[in-house]
Amino acid sequence: TYVSDREQSLYYFEGGVLRGRTDYLCGSGDVFYNGVTLQICEKGGYIVAPRANVKYGYVFKDCTITGETDDINGNYYLGRPWTEAAETYFIDTKMEVIPYASGWTNMSAGGTTRFAEYNSTTASGSVVDLSGRVTELGNTTVNPNNPILTAEEAAEIGNMSNMFGDWDPTEATEQA
């Protein structure tokens, strides 16, 4: 489990594998996952459980979701909100294992700012059907959920400089 523990902080992950089952990426702050493989250990889990963030929350760009066993396909959630001020975005994600059709679910705190996707594809490159993604999470009178990003929204959220400003974390992760 990885916990980002400061609401005002910025975090960056590039490449590698993050592995777990239940809320294995959780906490607060803005986190950009760039080209990371998310490996689910067993069915019935949740990838993220974000809480308070500043700008975009958890952003997964060009990531891949895999499973360790065959029964994971169709048997996990992308995430659930830890608090009402929580955001998560999957942009250009390859899903080698597909989540439940609803994609997202509630946690005891209930509520979300937005949980959404853009251009989610299967292992073979087909577009994932997002028509079953939930539009209601937690307190829907305060935070109705629109689970599908437009191309413009995906371009804005998926542009690291919009989250990080002048800080370019790729300079610190450049391979020798």
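The values are calculated or read from the model by the stated rules, or taken from the named source; none is laboratory data. The structure presented is a predicted model; accordingly, all values stated were derived computationally and were not measured. Positions of Cβ are backbone-derived with ideal geometry, glycine not excepted, and every protein chain shown enters the neighbour counts. In case anyone asks, the SASA skips ligands and DNA or RNA and just uses the protein heavy atoms, side chains included. Shrake-Rupley method; radii C 1.70, N 1.55, O 1.52, S 1.80 Å.
Filtered by the rule that a residue be small (Gly, Ala, Ser) and in a loop (DSSP other than H, G, I, E, B), region 15-42 gives Gly15, Gly16, Gly35. Looking at (1) of a type in the set (A, V, I, L, M, F, W, C); (2) under 23 Å from Leu130 (Cα atoms); (3) open to solvent by less than 30 Å² (accessible area, probe 1.4 Å), find the lone condition where Val31 falls short. The one condition Val31 does not meet is (2). Within this structure, Glu156 fails the test of being modelled with pLDDT under 95, open to solvent by 30 Å² or more (accessible area, probe 1.4 Å) and within 23 Å of Phe13 (Cα to Cα). If the condition is being small (Gly, Ala, Ser) and either part of a strand (DSSP E or B) or within 13 Å of Gly45 (Cβ to Cβ) (or both), then region 58-111 contributes Gly67, Gly74, Gly79. Can you name every residue in region 48-57 that is in a loop (DSSP other than H, G, I, E, B), open to solvent by less than 60 Å² (accessible area, probe 1.4 Å) and among the hydrophobic types (A, V, I, L, M, F, W, C)? Once the filter is applied, which keeps residues that are in a loop (DSSP other than H, G, I, E, B), open to solvent by less than 60 Å² (accessible area, probe 1.4 Å) and among the hydrophobic types (A, V, I, L, M, F, W, C), region 48-57 yields only Ala52.
Taking the conditions (1) surrounded by 24 or more Cβ atoms within 10 Å (Cβ to Cβ); (2) farther than 21 Å from Gly16 by Cβ; (3) at pLDDT 90 or above in turn, Thr88 satisfies each one other than (2). For region 134-153, a residue qualifies if it is modelled with pLDDT under 80, open to solvent by less than 70 Å² (accessible area, probe 1.4 Å) and among the aliphatic types (A, V, I, L, M), and exactly one does: Leu137.
Scanning region 69-85 for residues that are closer than 17 Å to Val134 by Cα and open to solvent by less than 20 Å² (accessible area, probe 1.4 Å) yields Tyr76, Leu78, Gly79, Pro81. A single member of Val17, Val48 is touching a Leu at 6+ places or on another chain (Cβ under 6 Å) and closer than 17 Å to Lys94 by Cα, and it is Val48.
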